[in-house]
Each structure stands twice: as structure tokens, then as C-alpha cells.
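> The structure follows.
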Amino acid sequence: MALLHAENQDLVNYFTHHYRETLARNDPAVWSDARNASVVLTSALEMIALAKHFGVKLYLLHLSTSEEFAAVEFGRKIGVDVYGEIAAYQLIFTTNDYEKYGNLINVAPALRGPSEHEKLWKLLRAGKIDTVISEHTPHMLEEKQKESVWEVASGMPAMQETLPALLSNWVKQFGDDTLEEGLIRIARVTSQNIASIFDFAQKGGLAVDKDADMVVVDTTQTWKVNKADLFTKNQWSAYEGMKLIGRPVATFLRGNLVYQNGKIRGDAQGQRVARSSVVERERWHQ
């Protein structure tokens with residue numbers, strides 16, 4: 001499977017020169033102008049065409065526009081085994097938020113406008129988005145506070161914030177009475193679909209022979225994001241101050257309680273996660 005970040009570098013170079021040198025812009029919002037929809041759509045279509053030619057399974061990373069997801073649908077119609085992913089921040093922030101957050105929300109691909117934001121939420125609800133990820137990118141604060149937008153490190157931390165932010169914004173978009181629907185959809189795109197696409201047979205569900213990974217959320221509890229509660233070493237968050245519902249109260253890893261009520265329990269227990277086909281090959285060669 002080919003995993004590709006679909007941005008057309010030639011267009012990135014062209015638009016960057018235009019906005020940086022010709023127009024001499026340095027405001028945070030120029031990042032979205034320089035990395036506009038044409039940058040990502042042309043690349044996604046090119047990758048789909050190449051995947052068809054070479055017969056390659058294709059996973060397009062962190063898409064950001066409804067047009068790209070339409071391209072994924074088109075790819076499937078012409079016989080390409082292709083999947084589309086989105087980073088959670090594309091469902092939380094828009095270009096309107098640059099005024100408040102500045103370069104803290106500088107990401108690549110860039111954020112889109114409110115109308116595109118609405119389209120993406122509708123696609124998520126309709127099951128047209130295959131996977132949603134945190135895209136946790138823990139840059140230090142000084143890397144995000146450069147004087148020039150063109151020198152800022154792209155990406156933001158979001159490991160702890162993603163799940164409650166998705167739940168909160170689902171309710172904001174579709175109403176309190178859709179919360180159960182939202183929980184099911186979000187579990188599917190953040191866990192079940194990922195396990196299925198990448199052939200992680202032991203992940204993505206609660207069933208015999210699976211790992212019993214589970215997060216328990218309290219949808220009645222409101223959480224105000226505070227950097228003091230975060231475990232990442234960079235200790236900042238664009239989500240700080242947001243009031244979110246659905247704070248995780250417990251996390252189980254392979255059936256073991258590893259997090260409870262704001263505290264990590266025990267030592268690190270991370271293990272390699274291999275595709276089922278890889279595991280079988282390794283057993284065969286033992």
C-alpha cells in the first residue's frame with residue numbers, strides 16, 4: 001500500500017513565491033492562500049491515476065477538501081483501491097480562526113474556509129470519510145512563534161484533545177440528539193476503519209482474539225482544556241481554554257487499565273503493531 005501526502009510541490013513553490021515575494025504577505029492566513037485547494041486536488045488526482053496504472057492500493061493522508069474526497073470516490077469507480085483520511089483539526093478549525101490563534105494553527109495541508117468546513121462535516125456523517133486521525137505533531141512553542149509565517153513549523157499537538165473535540169463539534173454541527181450516532185461514527189473512523197484498512201486484525205473492536213483496547217468517555221462531563229493537564233512535553237495546545245464534552249475517564253490497552261481520571265497508571269506498555277499478513281509470514285519463517 002502507498003501512503004501519500006498529496007500536495008503538489010510545484011504549485012506550493014509557485015504560490016509561495018507569489019505571496020511571499022511578489023505580494024510580501026506575512027500574515028498567518030496567507031498560509032491557506034498559498035496552499036489552496038488546487039495544490040491538494042491536483043496531487044490527489046495524480047496519485048489516483050498512478051495507483052490505477054501500477055495497480056497499487058492507495059491511502060491518501062490528511063485530505064482537507066470535499067473535492068479530494070470526491071476524487072477518492074471517482075478513483076473507486078475506475079477500479080482503484082483508494083482510501084481518504086482527514087486530520088481532526090480540519091474538522092475543528094477554519095481560516096476564520098487565524099485571527100485568534102495565529103500560527104499556532106499553521107498546518108499542512110492548510111486549513112480551509114467555513115463553507116468547506118461544513119461540507120467536510122456532512123461527508124463525515126454520510127460515511128464518505130474513511131479515517132480521522134489526531135495528526136499529533138508536538139512542536140515546541142518557539143517553533144510556532146517565528147516572526148515569519150514561512151518559517152513556522154507546521155502541525156500541532158492534539159493527542160488528548162482529539163476525541164472530545166470531535167464529539168463536541170459533532171454535537172455543535174448536528175445537535176445533542178445525534179450524540180449516539182456521533183459516538184458510533186467517530187469510533188468507526190478513528191479505530192475500526194483504520195484497523196480494517198491496514199489489516200491490524202487484533203485492533204479496531206471488542207471481540208474474542210482482539211486486544212481489548214478501549215477508551216471510556218463521560219459524555220455528561222465538560223472538560224476545559226488546560227495545558228497543565230496535558231502529558232505532551234511541549235506543553236501547549238491550540239485547544240487550550242475550549243470547553244469540550246466527552247472527556248476520557250479511562251483507557252484500557254490490551255485489557256490493562258493505563259489511564260484513569262486524568263492520571264497515567266503504570267509504566268509505558270507500547271508494543272509493535274504488525275499487519276496480520278506480516279505476523280503470519282514471521283511465524284512461517286520461525
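> State which residue is farthest from residue 61 (Cα to Cα) when the search covers only the stretch 101-126 and only residues that are crowded, with 20+ Cβ neighbours inside 10 Å and of a type in the set (S, T, N, Q).
Applying the filter and picking the extreme gives 103.
> Which of the following residues is surrounded by fewer than 21 Cβ atoms within 10 Å (Cβ to Cβ), under 15 Å from the mean Cα position of the chain (by Cα) and not small (Gly, Ala, Ser): 133, 129?
Numbers: 129 fails: surrounded by fewer than 21 Cβ atoms within 10 Å (Cβ to Cβ).
The unique qualifying residue is 133.
> Right, next: Could you check the stretch 189-221 and list, in sequence order, the residues that are charged (D, E, K, R) and without any contact (Cβ under 8 Å) to a residue 40 or more places away in the chain?
Taking the stretch 189-221 and keeping what is charged (D, E, K, R), we get 199, 203, 209-211, 213, 218.
Of everything in the stretch 189-221, those that are charged (D, E, K, R) and without any contact (Cβ under 8 Å) to a residue 40 or more places away in the chain turn out to be 209, 210, 218.
> Is it true that some residue in the stretch 29-44 is part of a helix (DSSP H, G or I), in contact with a strand residue (DSSP E or B) (Cβ under 9 Å, 6 or more places away or on another chain), of a type in the set (A, V, I, L, M) and buried (at least 17 other Cβ atoms within 10 Å of the Cβ)? Let's see the steps before the verdict.
Of the residues in the stretch 29-44, the ones part of a helix (DSSP H, G or I) are 30-34, 37-44.
Right, trim to in contact with a strand residue (DSSP E or B) (Cβ under 9 Å, 6 or more places away or on another chain) and you get 40, 43-44.
Filter once more, keeping what is of a type in the set (A, V, I, L, M): 40, 44.
Then keep just the ones that are buried (at least 17 other Cβ atoms within 10 Å of the Cβ); that gives 40, 44.
So far as the stretch 29-44 goes, yes, one or more of its residues are part of a helix (DSSP H, G or I), in contact with a strand residue (DSSP E or B) (Cβ under 9 Å, 6 or more places away or on another chain), of a type in the set (A, V, I, L, M) and buried (at least 17 other Cβ atoms within 10 Å of the Cβ).
> Which fully enclosed strands (runs of 3 or more DSSP E) of the stretch 165-264 have 3 or more residues being out of contact with any Phe, Trp or Tyr (no Cβ under 6 Å at 6 or more places or on another chain) and among the β-branched types (Val, Ile, Thr)? Before you say what the answer is, go through the steps one by one.
Working: elements: 214-224, 243-253, 256-260.
So the answer is 214-224.
> A further question follows. Tell me, yes or no, whether the stretch 15-27 has at least one residue that is assigned to a loop (DSSP other than H, G, I, E, B), charged (D, E, K, R) and under 30 Å from residue 277 (Cα atoms). Spell out the reasoning first.
Keep residues of the stretch 15-27 that are assigned to a loop (DSSP other than H, G, I, E, B), which gives 23-27.
Those still in the list that are charged (D, E, K, R) too: 25, 27.
Checking the rest, the ones that are also under 30 Å from residue 277 (Cα atoms) come to none.
No.
> Using beta carbons and a limit of 8 Å, which pairs, at least six apart or on different chains, have the first residue in the stretch 67-86 and more than 12 Å from residue 123 (Cβ to Cβ) and the second one crowded, with 21+ Cβ neighbours inside 10 Å and charged (D, E, K, R)?
Final answer for the pair search is 83/130; 85/130.
> Same structure, new question: May I ask you to list the residues in the stretch 151-181 that are of a type in the set (A, V, I, L, M, F, W, C) and closer than 22 Å to residue 215 by Cα? Show your work before the answer.
Kept after step one, since they are of a type in the set (A, V, I, L, M, F, W, C), are these residues of the stretch 151-181: 152-153, 156, 158-159, 163, 165-167, 170-171, 174, 179.
158, 159, 163, 165, 166, 167, 170, 171, 179, listed by residue number.
> While we're here: Residue check, residue 243 against (1) under 22 Å from residue 135 (Cβ atoms); (2) of a type in the set (D, E, K, R); (3) at pLDDT 95 or above; (4) loosely packed, with under 14 Cβ neighbours inside 10 Å, all met but one. Which one?
With (1) under 22 Å from residue 135 (Cβ atoms); (2) of a type in the set (D, E, K, R); (3) at pLDDT 95 or above; (4) loosely packed, with under 14 Cβ neighbours inside 10 Å applied to residue 243, the lone miss is (1).
> What are the residues in the stretch 128-166 that are among the polar types (S, T, N, Q) and more than 28 Å from residue 70 (Cα to Cα), if any? Break it down stepwise before answering.
Kept after step one, since they are among the polar types (S, T, N, Q), are these residues of the stretch 128-166: 131, 134, 137, 145, 148, 154, 160, 162.
Hits for the stretch 128-166 are 145, 148, 160.
> OK, next. Look through 201, 212 and report the one residue that is of a type in the set (A, V, I, L, M, F, W, C), farther than 21 Å from residue 249 by Cβ and at pLDDT below 95.
201
> What are the residues in the stretch 120-164 that are of a type outside the set (Ser, Thr, Tyr), in a helix (DSSP H, G or I) and over 20 Å from residue 29 (Cβ atoms), if any? Even if it seems obvious, please write down each step before you answer.
Taking the stretch 120-164 first, the residues of a type outside the set (Ser, Thr, Tyr) are 120-130, 132-133, 135-136, 138-147, 149-153, 155-161, 163-164.
Filter once more, keeping what is in a helix (DSSP H, G or I): 120-125, 141-144, 149-151, 163-164.
121, 122, 123, 124, 125, 141, 142, 163, 164, listed by residue number.
> Modelled with pLDDT under 95 and farther than 24 Å from residue 21 by Cβ, is that true of residue 173? Talk me through it step by step, then tell me what you get.
On the way: modelled with pLDDT under 95: no; farther than 24 Å from residue 21 by Cβ: yes.
Spelling it out, it is not the case that residue 173 is modelled with pLDDT under 95 and farther than 24 Å from residue 21 by Cβ.
The values are calculated or read from the model by the stated rules, or taken from the named source; none is laboratory data. The shown structure was predicted, so the numbers you read here are calculated from the model rather than taken from an experiment. All Cβ positions, even for glycine, are placed from backbone atoms using ideal geometry, and neighbour counts span all protein chains on display.
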